[in-house]
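The values are calculated or read from the model by the stated rules, or taken from the named source; none is laboratory data. Source: prediction; values computed, not measured. Neighbour counts are summed over all protein chains in view; Cβ atoms, including those assigned to glycine, are modelled from backbone coordinates with ideal geometry. For the accessible areas, the whole protein counts, side chains as well, though only heavy atoms, and no ligand, DNA or RNA atoms are used. Shrake-Rupley method; radii C 1.70, N 1.55, O 1.52, S 1.80 Å.
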Amino acid sequence: MNAKPEEILSITQVRVGRPTNQLAEMIRFYCEGMGLELLMNFPEDQAGYAGAVLGVPGSNYHLEFCVHEDGFTSSQISPPTDDHLFVLYLPGKAHYDTVVGRLQNLGHQPVRAKNSHWDLDGVTFKDPDGWRVVLMRQSNI
């Protein structure tokens, strides 16, 4: 069912947050490899958390990675399944090839997607924490 325009939720920013024990490696993967911008680092707060916010240049789509002074267990960091994906639709083959090349130059190699749909027009990488990132050559919506 389609919502009426006045019923559509207005959102000004989207941020997905995740814990990590490898903040520097995550920043390297997503900034140097994927091309996101480091928007801000935040220092340890009174609850023991510190981290970084990364974003798609010129947009309000952000990833936040946080560390804790006590660290996180592997079950708090690892993806529950290989079907938990972060899917990015890139604006064409040249951009796609650039991002794939940068990730490979950083030592990351593609992995086979659990759902072969993602291998048709894209490629899957694992970030330093093992979460799968799918790069698609074109939008499908």
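Data for the structure
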quantity	calculated
Hits in the range 106-132 (condition: touching a helix residue (DSSP H, G or I) at 6+ places or on another chain (Cβ under 8 Å) and open to solvent by 80 Å² or more (accessible area, probe 1.4 Å))	R112
Filter result for the condition that a residue is over 13 Å from the mean Cα position of the chain (by Cα), surrounded by 15 or more Cβ atoms within 10 Å (Cβ to Cβ) and over 16 Å from F29 (Cβ atoms), over Y96, Y89	Y96
Single residue of G48, G71, G35, G17 found to be within 16 Å of V87 (Cα to Cα) and open to solvent by less than 40 Å² (accessible area, probe 1.4 Å)	G35
